[in-house]
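Colleague: Provided herewith is a single structure, encoded as structure tokens, for subsequent inquiry.
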Amino acid sequence: MRLAAPAKTTPARTEQIVLFRVSGQLFAISSASVQEVRSADSMSGAATEISAPGLRKVRHVLRRGDRSLFIVNGAMHFGLHAAEGAQLFVLRQTRTALLIDGIEKMTTMSRLQALPLSFCHEERQWYRGLTALDQTVVPVVHPEGFLSPEELALLDAALLQADKLASEDPEGTSCAQ
Amino acid sequence: MTVSTELELQSFVLLRLGERRFAISAKEIAELVAPSRVFRFPHRTPKLEGVILRRGRIVPVCDVSEMLLGKRLTSRRFYLIVVRNYEAHKEWVAIPVTGECELINAEMTAAVESDAPHVAGWLSHDGDVIEVLNIDTLTPGPERALAEAAGRQRPEAQS
């Protein structure tokens, strides 16, 4: 007689996350989504100003070769009190660099609970879900949720306009620089 | 042939919000719990305060007092955890209440067209006529968000 094979205990799937603060509020992001962490000061020289109508959360853009990274003010994105961001997360596979107060710590989450369906507005694009950590609940952000395709189109148009003006008025550009 | 006139008694939970009492079908109640810490995070859904942790589940807290009384609650004694139906599944929602809850059996008179959407029906208890609440229209959800968005777009479409 063959005995039934003992049930395999599958280890709980965990995910490495970074806990960070924006305007004092705690958020989490998968560490796999963060390509770089920079101090906001170190980027100030490299960033150029941009202004897209109706999009106040993006004021600067970083040029990296052919690529443009839009710096999103996390506090303005979430509708929190304006805060001077001290650090930047360059988010992998997006065109977003997120301005945050700072990193709290790195940890692992073992369970991501879907955002309850009662939350039915923009937050559904902002968050992948919620996780319970040390008797507190932290929203886990969606790296793609900071700039919608429509917002990216607006920013690209503003960028194109700025480039056009700069090429037409090189003196003005040199003054600005 | 005799016509049966048996009353169709159903179970309801009576809850208190400020000075008023409301009822919810007992079938839609998960539990009554003491207030616990509300975890708040940024979002754009009106009426939702945040979430509570209940036996490992994350439960949204929805204050319905403004819609029912026209003002927000200043104190709360319990959270009544109700079952909200969505198209595909059900989820818990915690509703803050200001007093003790009571389980009663009563006959419900169905709502009519002129009643507010949050009224599922009416029942008579202790000399009071009490609104039976329709949780699905009282608490936010994707279908309400779609309706609100359609409402916002309508005037633009007309202009």
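Colleague: Assuming A:Val72 fulfils every condition listed in (1) more than 26 Å from B:Arg44 (Cβ to Cβ); (2) at pLDDT 95 or above; (3) aliphatic (A, V, I, L, M) apart from one, which condition is it?
Modeller: Result: A:Val72 passes all but (1).
Colleague: Exactly one condition in (1) modelled with pLDDT of 95 or more; (2) touching a Lys or Arg at 6+ places or on another chain (Cβ under 6 Å); (3) away from chain A (no Cβ under 14 Å) is not met by B:Gly50; state its number.
Modeller: (3)
Colleague: Additional query: Would you tally the residues in the stretch A:112-150 being over 25 Å from B:Ser36 (Cβ atoms) and of a type in the set (Gly, Ala, Ser)?
Modeller: Result for the stretch A:112-150: 2.
Matching residues to (1) away from chain B (no Cβ under 14 Å); (2) surrounded by fewer than 17 Cβ atoms within 10 Å (Cβ to Cβ); (3) touching a residue at least 60 places away in the same chain (Cβ under 8 Å):
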site	(1), (2), (3)
A:Ile103	yes, yes, yes
A:Ser110	no, yes, yes
A:Ala114	no, yes, no
A:Val141	no, no, yes
A:Leu147	yes, no, yes
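Colleague: If B:Glu87 meets every condition in (1) under 19 Å from B:Pro142 (Cβ atoms); (2) more than 10 Å from chain A (Cβ to nearest Cβ); (3) of a type outside the set (Gly, Ala, Ser); (4) not in a strand (DSSP E or B) apart from one, which number is that one?
Modeller: Result: B:Glu87 fails condition (2) only.
Colleague: What are the pairs with Cβ atoms under 9 angstrom where one residue, in the stretch A:27-54, is touching a residue at least 60 places away in the same chain (Cβ under 8 Å) and the other, located anywhere, is hydroxyl-bearing (Ser, Thr, Tyr)? Sequence gap at least six, or different chains.
Modeller: Pairs that qualify, where the first residue is touching a residue at least 60 places away in the same chain (Cβ under 8 Å) and the partner is hydroxyl-bearing (Ser, Thr, Tyr), are A:Phe27/A:Tyr127; A:Ala28/A:Thr107; A:Ala28/A:Thr131; A:Ser33/A:Thr94; A:Ile50/A:Ser68.
Colleague: Right, another one. Restricting to the stretch A:125-137, what's the tally of residues that are in a helix (DSSP H, G or I) and surrounded by 19 or more Cβ atoms within 10 Å (Cβ to Cβ)? Give the steps one after another, and end with the answer.
Modeller: Of the stretch A:125-137, the ones in a helix (DSSP H, G or I) are A:125-126.
Subsequent filtering for residues that are surrounded by 19 or more Cβ atoms within 10 Å (Cβ to Cβ) retains A:126.
So the answer is 1.
Colleague: Tally the residues that are buried (at least 19 other Cβ atoms within 10 Å of the Cβ), in a strand (DSSP E or B) and touching a helix residue (DSSP H, G or I) at 6+ places or on another chain (Cβ under 8 Å), restricting the search to the stretch A:63-88.
Modeller: Quick first cut of the stretch A:63-88, residues buried (at least 19 other Cβ atoms within 10 Å of the Cβ) only: A:69-78, A:85, A:87-88.
Next, from what is left, pick out any that are in a strand (DSSP E or B): A:69-73, A:87-88.
Now restrict to residues that are touching a helix residue (DSSP H, G or I) at 6+ places or on another chain (Cβ under 8 Å): A:70-72, A:87-88.
Residues in the stretch A:63-88 being buried (at least 19 other Cβ atoms within 10 Å of the Cβ), in a strand (DSSP E or B) and touching a helix residue (DSSP H, G or I) at 6+ places or on another chain (Cβ under 8 Å): 5 in total.
Colleague: Somewhere in the stretch B:43-56, is a residue hydrophobic (A, V, I, L, M, F, W, C), in contact with a strand residue (DSSP E or B) (Cβ under 6 Å, 6 or more places away or on another chain) and under 17 Å from B:Val132 (Cα atoms)?
Modeller: no
The values are calculated or read from the model by the stated rules, or taken from the named source; none is laboratory data. Computed from a predicted model, the values in this text were never measured in an experiment. Counting neighbours? That spans all protein chains shown, and the Cβs are built from the backbone with ideal geometry, glycine included.
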